[in-house]
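Remarks on the structure that follows.
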Amino acid sequence: MDPERQREIARKGGASVPSEKRSFSQDRSLAAQAGRKGGEASHGSRNKDDRSAG
């Protein structure tokens with residue numbers, strides 16, 4: 001799919017949610033917490049192994 005078409009579709013999806021319903025735009029600490037949790041889930045255990053091997 002054309003990248004511009006993908007962006008167009010993504011914009012429509014984001015615009016369909018009212019700003020007061022976008023919890024991360026209202027609470028930056030909540031967004032940061034979710035980002036940390038996602039990072040740990042995706043590669044956090046690998047980093048722990050790397051540190052112990054050093």
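Does any residue of region 36-49 turn out to be at negative phi, modelled with pLDDT of 85 or more and surrounded by 10 or more Cβ atoms within 10 Å (Cβ to Cβ)? Yes, region 36-49 contains at least one residue that is at negative phi, modelled with pLDDT of 85 or more and surrounded by 10 or more Cβ atoms within 10 Å (Cβ to Cβ).
Filtering region 8-34 to residues that are exposed (fewer than 10 other Cβ atoms within 10 Å of the Cβ) and basic (Lys, Arg) leaves 12, 21, 28.
The values are calculated or read from the model by the stated rules, or taken from the named source; none is laboratory data. Please read all numbers here as calculations on a predicted model, not as lab measurements. Positions of Cβ are backbone-derived with ideal geometry, glycine not excepted, and every protein chain shown enters the neighbour counts.
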